Amino acid sequence: MTKYLKITLSILMISVIIVSCKKDSPVDEDGLLITFRQECFVSNFELLGSDFVTVRAATAVIDTLAQTINVTVNPGTDLKNVYPQFTLATDCKLDPKVIGKTDLSNLASPKIYTVVSGNRKIRKPYTLNIKF
Amino acid sequence: MRNKNIKFPALILIMLTSLLACTKQEYTIPDPVSQLTNDCIKRTIGPSIVSLPLEFAYAMALPKINGKLVSAEVEASIAGASGTFLEHRSFYTNSSGVDVPVTIGTPSTTVDKLTKVTFNVDTNASTLRYNYVIPEEARGKSVSFTFTATSSDGKTATYKMGPYAISKMAIKKNLAVSNGVNAFISIEDMAVYNATAAATNAGKVDLVYLYRATPTTFTHALVSPGADAAYLPGVTLPSGVNRSTKLRKVFNLQDRNLSNLQYGIYVDDIDFTQLDMVDMPNYALGLRAEAGVWVETTDKKYRAYIFVNSINAAGTAVISIMRYTL
């Protein structure tokens, strides 16, 4: 009786070890799923003021070949306190992340945001050009 | 045999438990009120702001055989401002949902902290409303209330309410501003000045209201006198008006008090204390009706929220100010 119990317990323990050692789906350093997608581009861009109302004077022009985003903003826009919003291809992520209000006031040195593909192997830097 | 001995008592125990659990609890009629009793609710919600009222509904009743109501009174821990009263009318809600008043006595008298109504009708139940106007001396403190009802059999009933924290905020509603005329706004005085008065109060002027039809994104604006001249086109500032005030535009923050009781949002003390005004500009362009602006004065003495009640294309607007002293 004891013998059977020991065997059963051993099998159960081995099963638990096997299950716990099974490799999980791959995730990146942000805990996001790494997929097989290679698409890597910005599909839409919005720029909001401190009141979360758009400060764009016209639709942002996104050039996926030149990797630029050109935005014209309203006169008097306070570019020290804006919230950029990027819409990316499926499974992509942005580097650096936009985590809150952003200072884009240095027009002479446009900020560069890099889009990283779903498989995390392709990186495309987009230059954000803002003008009044 | 041993198993049988255990199973049987266990079965009995389970059955008994089930029977007990299913016992119907009979409703018992509560004992009728045999003496003078009272109850109270606070009707006002949102922050308690100096100059605005706190409203309560105070109910009192006693069995008819015990007599009638003689008087009702409220004692506040801090004497109320002018306009404090206890209703001399008892309200009931009719089938149409309308509150109908029934006069029960003479209008209340207020002596220092005590507001009293004496009944002159024979009634043994009444609900009176108490309107306490928050006085200046209560700012930043807390206030509490003791409601007391007295009946003809000499009994009294007492109900305590509070304490309620009184906000440090000050409020000024419906100030008319106009481009080039009444255009100078002082947060310290919570007032709007014309150029002459602004020159007299130069050290207190924090903002200039202006309207420009072009560019189309400029329109109604609040600009600090210390802002770049590009944001004050065609404006000649009175001598000494040069303060640089930080501004932060907000949309969809229609405070109930500032918007004349239209919405259910409240700006409270904590909003001012937690406000991030670092790196904010000293101008706010393109203001619309029901937009707002957070303000921090140059000397960091005050923070304020300016709500735009209405705008007019002719270059006028109505604004309301909520101010917090830091």
Using the heavy atoms of the protein chains and a 1.4 angstrom probe, tell me the accessible area per residue for chain B in square angstrom.
51
Residues along region A:76-105 losing 20 Å² or more of accessible surface when the other protein chains are present rather than the chain by itself (probe 1.4 Å)
A:GLY76, A:ASP78, A:LYS80, A:ASN81, A:LYS101
Cα lying deepest toward the dipole's positive end in the protein assembly as shown, options B:GLY315, B:LEU114, B:VAL33, charges on Cβ
B:VAL33
Using unit Cβ charges (K, R positive; D, E negative) and no other charged atoms, how large, in debye to the nearest 20, is the dipole of region B:130-245 about its Cα centre?
240
Quick one: putting +1 on the C-beta of Lys and Arg, -1 on the C-beta of Asp and Glu, what dipole do you get for region A:26-131 around its Cα centre, in Debye to the nearest 20?
200
I want the local charge near A:VAL73. Using Cβ-Cβ distances under 11 Å, sum +1 for each Lys or Arg and -1 for each Asp or Glu among the other residues.
+1
How many square angstrom of accessible surface are buried between B and A, both sides summed, with a 1.4 Å probe and rounding to 100?
1000
Which residue, B:GLN25, B:GLN254, B:GLN35, has the most motion in a Gaussian network model of chain B that connects Cα atoms within less than 10 Å?
B:GLN25
Leaving out ligands and nucleic acids, and using a 1.4 Å probe, what accessible area per residue does region A:26-131 come to in Å²?
53
Looking at B:ALA157, B:PRO215, B:MET169, which one has the Cα that reaches farthest to the positive end of the dipole of chain B (charges on Cβ: Lys, Arg +1; Asp, Glu -1)?
B:ALA157
Let me know the charge dipole size of region B:108-166 about its Cα centre in debye, to the nearest 20, where only the beta-carbon of Lys, Arg (+1) and Asp, Glu (-1) is charged.
180
Please state the shape class of region B:225-326: rounded when a/c is under 1.5, otherwise prolate if a/b exceeds b/c and oblate if not, all from the C-alpha gyration tensor.
oblate
Looking only at trypsin sites (Lys or Arg not before Pro) in DSSP loops with at most 12 other Cβ atoms within 10 Å, what is the longest site-free stretch of chain A?
A:24-96
Helix-derived mean residue ellipticity, 222 nm - over the protein assembly as shown, DSSP H n ≥ 4, -39500 (n - 2.57), to 500:
-3500 deg cm²/dmol
Once amide H atoms are built 1.01 Å from N in the peptide plane, which residues 5 or more positions from A:THR114, or in another chain, come under 5 Å H to H?
A:ASP95, A:TYR126
Distance violations [Cα-Cα > 24 Å] among A:LYS111/A:LYS131; A:LYS80/B:LYS173; A:LYS97/A:LYS121; B:LYS113/B:LYS204:
A:LYS80/B:LYS173; B:LYS113/B:LYS204
How about region B:225-254: which of its residues lose at least 50 Å² of accessible area in the presence of all protein chains relative to their chain isolated, using a 1.4 Å probe?
B:LYS249
Pull up all non-local amide H partners of B:GLY226: gap of 5 or more, or a different chain, and H-to-H distance under 5 Å with H placed in the peptide plane.
B:ARG243, B:SER244, B:THR245
Across B:172-184, the residue-averaged tally of Cβ atoms belonging to other chains within 10 Å stands at 0
Grab the other residues whose beta carbon is less than 14 angstrom from that of B:ALA61, score K and R as +1, D and E as -1, and report the net.
0
Take every residue in peptide A:28-38, count the Cβ atoms of other chains within 10 Å of its Cβ, and give the average of those counts.
0
R0 = 22 Å: FRET efficiency of B:ARG256 with B:ALA165, Cβ-based, nearest 0.05?
0.80
Furthest towards positive pole of dipole, B:SER95, A:PRO125, B:LEU69, structure part the protein assembly as shown, Cβ charges
A:PRO125
Portion, in percent, of the accessible area of the protein assembly as shown that falls on carbon or sulfur, probe 1.4 Å
57
Considering only DSSP beta bridges with both partners in region A:26-131, what is the antiparallel share in %, to the nearest 5?
80
For region B:63-103: rounded, prolate or oblate by the Cα gyration tensor [a/c cutoff 1.5]
oblate
Quick check on the protein assembly as shown: take the gyration tensor over C-alpha atoms, sort the square-rooted eigenvalues as a ≥ b ≥ c, and tell me if it's rounded (a/c under 1.5), prolate or oblate.
oblate
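The values are calculated or read from the model by the stated rules, or taken from the named source; none is laboratory data. These numbers come from a predicted model, not from an experiment. No Cβ is skipped: glycine too gets one built from the backbone with ideal geometry, and neighbour counts run over all protein chains shown. Ligands, DNA and RNA are stripped out before the accessible areas are found, and what is left, the full protein with its side chains, is counted by its heavy atoms. Shrake-Rupley method; radii C 1.70, N 1.55, O 1.52, S 1.80 Å.
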